[in-house]
Amino acid sequence: MVSTISSGRWGLSQTWHFKWRDRLPTLSQTRQVKSEDAIWDSFKVSGFTCGLPRVWLDLFEDGWKVSVNTIAAIMTEHHWYGRQLRKRRSLTKAGKRPVSPDPLGRAFFAARTSAGAESDAF
């Protein structure tokens, strides 16, 4: 039943479906899976921080003959992006103490939440 619906939806005959459903993967499909595993292993070993050039170099050193564009396509397809951890810009962290009261008693808060938006109208 499922094969009838899926074959009819895609415009294929039932005989085509039964001919190809149990076939073995082709050599290129097998190589694709192996290369994805190798790329993932290299990316995982780097701590998820190394990007395309480093992954390509690791595969090249391991004897793989894969183009940079193929690796880029696989990494993009799986959302594997190498990111460097951002360094803090300040030397100290912001404190957790509460804000001290204003000695002059000034109020820095608007009386209403949309008071500023109404005054800008022409």
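Values in this text are rule-based calculations from the coordinates and carry no lab data. All figures in this text were calculated on a predicted structure; none of them were measured in a lab. Here the Cβ positions follow ideal geometry from the backbone for every residue, glycine too, while neighbour counts run over all protein chains shown.
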### Task
List, in order, the whole-Hz ³J(HN,Hα) value for each residue of the stretch 52-64 obtained from phi through the Karplus relation with A = 6.51, B = -1.76, C = 1.60 and θ = phi - 60°; use x for Gly and Pro.
4, x, 5, 5, 4, 5, 4, 5, 5, 5, 7, x, 6
### Task
Starting from the Cα of Asp102, step 7 Å along the direction of its Cβ; do the same at Gln14; then give the gap between the two resulting points in nm.
8.1 nm
### Viscosity 1.002 mPa s, 20 °C: Kirkwood-radius Stokes-Einstein D of the stretch 9-61 over Cα pairs, µm²/s
155 µm²/s
### Query
In nanometres, what is the gap between the two model label sites at Lys34 and Arg83, each 7 Å from Cα along Cα-to-Cβ?
3.3 nm
### Task
Using R₀ = 35 Å, calculate the FRET efficiency as 1/(1 + (r/R₀)^6) where r is the Cβ-Cβ separation of Val68 and Leu24; round to 0.05.
0.75
